[in-house]
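Taking it in order: structure first as structure tokens, then the write-up.
The values are calculated or read from the model by the stated rules, or taken from the named source; none is laboratory data. Just so we're clear, the structure is a prediction, and the values are computed from it rather than from any experiment. Ideal geometry is used to build each Cβ from the backbone, glycine not excepted, and the neighbour counts take in all protein chains shown.
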Ligand code: DAH
């Protein structure tokens, strides 16, 4: 047809021919090649439209309009034919029994949040409800922030090569706890009052076992202001425990020691598995230790820029993996980063 001179007539002829060919296309394959031959990018209709320049100027607009109209009609006819053939093919397959509609469907796997993420989000929510903001601080720390500014003396066992991942760069390490974030927060906020939680991953050079992992989360908390007292710490942490583990859940504080708090304590909650009756998880004590806490040491306040004769504060640190383990009676911390779906799918 390329040799024929172009007229409106040649266009109509081509369209009629295309429609006839469409009618005789009997299956999906034939339809596909029909589309390539007539409507494809290099198809006959497309090519004929491109030849519009061969026409006298005054005939071109009418030709263009009609060409687009015919093209649309062919597309519509094609879509209709596709649907009809698909339906016919499906019916045929059903009749022949190729599709067994009684087969069970394939289950769609649903993703979910990691148990640590779920617990972390619950903890964030509770502290947010109590007016604490989240303060993010870095995983890679300096010896100064991780230890020195927190009043951890040079001979302290936590600084041992056995406990800390040091980098090849002098004085740079992976944080062993979220406490260095306290210094970052204080230096940023000083002299304003502070109420933040500092969540994040911590790293320790441990022999991995059912109880110890080389990475784990902590959620640190810090409140600094005027007249912040130990009773504020006790009341706030008890409130947290009741929101986290249920209203009426008992708590108790035991004296403890941390270099960056004075006085220091640990908080226990009444065992959430046996309600304080005594069981395997609480080792028959009726209590579970869930966090360390204390009044921020004056030296630490000072390192953060606050005058300890004017300001006071409390701090705490908890481990969400440990809390999750207690809550669900999980006996091995290695499950958390083992990526075993049989474990993860239970949460
Ligand atoms: N940094 C401590 C640890 O890793 C946890 C901790 C205890 C944090 C007492 C605190 C605190 O803020 O007051 O074991």
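Out of curiosity, is residue 240 buried (at least 20 other Cβ atoms within 10 Å of the Cβ) and away from the ligand (no atom under 16 Å from the Cβ)? Even if it seems obvious, please write down each step before you answer.
Numbers: buried (at least 20 other Cβ atoms within 10 Å of the Cβ): yes; away from the ligand (no atom under 16 Å from the Cβ): no.
Judged against the criteria, residue 240 is not a match.
Regarding residue 263, is this residue surrounded by fewer than 18 Cβ atoms within 10 Å (Cβ to Cβ), assigned to a loop (DSSP other than H, G, I, E, B), within 16 Å of the ligand (Cβ to nearest atom) and modelled with pLDDT of 95 or more?
No.
Filter segment 173-207 down to residues that are assigned to a strand (DSSP E or B), within 11 Å of the ligand (Cβ to nearest atom) and in contact with a helix residue (DSSP H, G or I) (Cβ under 9 Å, 6 or more places away or on another chain), then give me how many there are.
2
Given the criteria away from the ligand (no atom under 13 Å from the Cβ) and part of a strand (DSSP E or B), does residue 288 qualify?
When the stated conditions are applied, residue 288 passes them.
Could you grab me the full set of residues in segment 155-171 that are modelled with pLDDT under 85 and over 24 Å from residue 212 (Cα atoms)?
Of everything in segment 155-171, nothing turns out to be modelled with pLDDT under 85 and over 24 Å from residue 212 (Cα atoms).
Could you list all residues from segment 301-324 that are away from the ligand (no atom under 16 Å from the Cβ) and under 31 Å from the mean Cα position of the chain (by Cα)?
The one that is away from the ligand (no atom under 16 Å from the Cβ) and under 31 Å from the mean Cα position of the chain (by Cα): 324.
State whether one or more residues within segment 123-137 are assigned to a helix (DSSP H, G or I), in the same structural domain as residue 218 (by TED's automatic domain parsing), at pLDDT 90 or above and within 16 Å of the ligand (Cβ to nearest atom).
yes
Within the group 191, 180, which residue is assigned by TED's automatic domain parsing to the domain that holds residue 330 and more than 29 Å from residue 334 (Cα to Cα)?
Values: 180 fails: more than 29 Å from residue 334 (Cα to Cα).
After ruling out the rest, the residue left standing is 191.
Determine which member of the set 276, 221, 225 is in contact with a strand residue (DSSP E or B) (Cβ under 9 Å, 6 or more places away or on another chain), closer than 25 Å to residue 307 by Cα, assigned by TED's automatic domain parsing to the domain that holds residue 174 and away from the ligand (no atom under 12 Å from the Cβ). Show your work before the answer.
Details: 276 fails: closer than 25 Å to residue 307 by Cα; 221 fails: away from the ligand (no atom under 12 Å from the Cβ).
None of the others qualify; the one that does is 225.
Residue-by-condition table, conditions (1) surrounded by 15 or more Cβ atoms within 10 Å (Cβ to Cβ); (2) at pLDDT 95 or above; (3) over 23 Å from residue 216 (Cβ atoms); (4) not assigned by TED's automatic domain parsing to the domain that holds residue 201:
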| site | (1), (2), (3), (4) |
| --- | --- |
| 281 | yes, no, no, no |
| 294 | yes, yes, no, no |
| 304 | yes, yes, yes, no |
| 322 | yes, no, no, no |
| 327 | yes, no, no, no |
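Being surrounded by 15 or more Cβ atoms within 10 Å (Cβ to Cβ) and assigned by TED's automatic domain parsing to the domain that holds residue 209 is the requirement here; does residue 331 meet it?
Criteria not met by residue 331.
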